[in-house]
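Encoded as structure tokens, the structure appears first; notes follow it.
The values are calculated or read from the model by the stated rules, or taken from the named source; none is laboratory data. None of the values given here were measured: they were computed from a predicted structure. No Cβ is skipped: glycine too gets one built from the backbone with ideal geometry, and neighbour counts run over all protein chains shown. Heads up: the accessible areas ignore ligands, DNA and RNA and are worked out on the full protein's heavy atoms, side chains in. Shrake-Rupley method; radii C 1.70, N 1.55, O 1.52, S 1.80 Å.
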Amino acid sequence: MIHPLIDTQLITRAKQLIDQAQTIVVVTHISPDGDAMGSSLAMRWFLQDQGKQVSVIVPNEFPAFLSWLPGAQDDVIFDKDPAAATALLDAADLVIVTDFQEPKRSGKMADWFTKNSATCNLSPATCPHTPIIMIDHHLHPSDMADVTISYPQCASASELVYRFIRQLAIINIQSSIYNTQYSTCIYTGMMTDTGNFQFNSNDAEMYEIVAELMRAGVNKDECYDKVFNQYHEGRMRLVGYCLHTKMRVFPEHHVALIALSSKELKQFNFRSGDAEGIVNMPLQISDVYYSVFMREDTDKIKLSFRSQGDRPVNTFAADIFNGGGHKNAAGGEHYGTLREAVNLFLNNYEKYCK
Ligand code: 5GP
Ligand code: MN
């Protein structure tokens, strides 16, 4: 039995906004992962089925191992064509954001969202406010949306999209959307945000949803193969290098750190998505409970944090690295050198990793 999770009032208000809109833009977070891509694309398949004119905008390029997702090739990439993407946002009757909770996570679209929430939505004729629906599972949603569907207890935004559309059906938005394309997008988001159901996945209803998705045409083994078995040789050697040479373990605090310079990344022919999953690997050591991965990006240092059990890492990410996220999976960034970021880590891990 899959119980309705989302508050019926939120479903009703979202339905009104969808009913009133003809042109809808779906936006997801920067450095899109499987859940970002899955939740936004599934939403697009649904809205198209409702006869809407829909575009999906991603802030920057998505990794090659997600390019096979049904509809991904039609995504608009903001960084590649900001003018066209902004025109789409300006022309939208409704914007739906999935898998993020604050403007900053939409990359260069942040200004558009911040300005939009500053305009009043009381008299649309004089104040050009575009209504926003947020479907997300991160803590502390900002006030950027008019309807905020935020359930951090849900392991993926894709599962929330599935539940949202399922609950819309209960209040009479019928659709014939339970097809292979839609289900594959949802499944891939659920699979990737749980590390192929390794964590955050102690929930019987999750598997009932998976069963429904498989009945609707998902080939789960194929999804796994397309996402997890498609790396290039450089990525595999990078993993070896990280674990053999770069990983530092601080046993008294059960912490591991891997930090990579752009020079090192270049040696391994680094491509978008190649760092995926590396941060989780040190947690396979029996007494390592915290793992931090950082790499030098073009204009900043990008950090990933992971932990196990009741040991939050999002506060470390938020306080020291302008970031945030979930209790056991968070991220942040540092505008400065890799050395500075490593020193910030070294000066603070004892306080945050107890
Ligand atoms: P990842 O390590 O996979 O990039 O990110 C893990 C989680 O951390 C994401 O799902 C997101 O919730 C959060 N996160 C990653 N980077 C940032 C960031 O720069 N700022 C904030 N607030 N959260 C982030
Ligand atoms: Mn997610």
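The single condition among (1) aliphatic (A, V, I, L, M); (2) within 16 Å of ligand 1 (Cβ to nearest atom); (3) touching a residue at least 40 places away in the same chain (Cβ under 8 Å) that LEU17 does not satisfy is (2). Contact map, the stretch 175-199: residues that are on the phi > 0 side of the Ramachandran plot paired with residues that are outside any loop (DSSP other than H, G, I, E, B) and surrounded by 24 or more Cβ atoms within 10 Å (Cβ to Cβ), Cβ distance under 9 Å, separation 6+ or inter-chain. Pairs shown: PHE197/MET190; PHE197/MET191.
With respect to being among the hydroxyl-bearing types (Ser, Thr, Tyr), within 21 Å of ALA72 (Cα to Cα) and either over 22 Å from the mean Cα position of the chain (by Cα) or not in a helix (DSSP H, G or I) (or both), TYR231 fits the description. Of all residues in the stretch 210-228, those satisfying the criterion of being in contact with a helix residue (DSSP H, G or I) (Cβ under 6 Å, 6 or more places away or on another chain) and part of a helix (DSSP H, G or I) are LEU213, CYS223, VAL227. Among residues of the stretch 31-56 that are basic (Lys, Arg), those with a Cβ under 8 angstrom from a residue that is in a helix (DSSP H, G or I), sequence gap 6+ or separate chain, pair up as LYS52/ILE18.
Does SER40 count as within 16 Å of ligand 1 (Cβ to nearest atom), polar (S, T, N, Q), open to solvent by 40 Å² or more (accessible area, probe 1.4 Å) and under 19 Å from the mean Cα position of the chain (by Cα)? So SER40 does not fit the description; no. Inside the stretch 313-345, residues that are more than 16 Å from ligand 2 (Cβ to nearest atom), open to solvent by 50 Å² or more (accessible area, probe 1.4 Å) and more than 22 Å from LYS263 (Cα to Cα) make up a count of 3. Residues in the stretch 124-143: is at least one polar (S, T, N, Q) and open to solvent by less than 20 Å² (accessible area, probe 1.4 Å)? Taking every residue of the stretch 124-143 in turn, at least one turns out to be polar (S, T, N, Q) and open to solvent by less than 20 Å² (accessible area, probe 1.4 Å).
Criterion first (buried (at least 19 other Cβ atoms within 10 Å of the Cβ) and either touching a residue at least 60 places away in the same chain (Cβ under 8 Å) or within 16 Å of ligand 1 (Cβ to nearest atom) (or both)) does VAL25 satisfy it? So VAL25 fits the description; yes. Taken together, the criteria place VAL56 among residues that are surrounded by 19 or more Cβ atoms within 10 Å (Cβ to Cβ) and away from ligand 1 (no atom under 16 Å from the Cβ).
Going by the structure shown, is GLY71 within 21 Å of MET43 (Cβ to Cβ) and touching a Leu at 6+ places or on another chain (Cβ under 6 Å)?
Yes.
Scan the stretch 75-104 for residues that are within 16 Å of ligand 1 (Cβ to nearest atom) and closer than 19 Å to ARG44 by Cβ and the total you get is 4.
State yes or no: is HIS138 under 17 Å from the mean Cα position of the chain (by Cα), at pLDDT below 95 and either within 15 Å of ligand 1 (Cβ to nearest atom) or in a loop (DSSP other than H, G, I, E, B) (or both)? Here the answer is yes, as HIS138 does meet what is asked. For the stretch 244-282, the tally of residues that are open to solvent by 40 Å² or more (accessible area, probe 1.4 Å), charged (D, E, K, R) and over 24 Å from LEU346 (Cβ atoms) stands at 3. Scanning the stretch 151-165 for residues that are buried (at least 22 other Cβ atoms within 10 Å of the Cβ), within 16 Å of ligand 1 (Cβ to nearest atom) and not β-branched (Val, Ile, Thr) yields a count of 7.
Test each condition in (1) within 21 Å of GLY195 (Cα to Cα); (2) surrounded by fewer than 16 Cβ atoms within 10 Å (Cβ to Cβ) for ARG235 and report the one that comes out false. All conditions are met except number (2). The residue pairs whose first member lies in the stretch 239-255 and is assigned to a helix (DSSP H, G or I), whose second member is open to solvent by 40 Å² or more (accessible area, probe 1.4 Å), and whose beta carbons are closer than 7 Å, counting only pairs six or more residues apart or on different chains, are LEU243/MET281; PRO251/ASP287; HIS253/GLU350.
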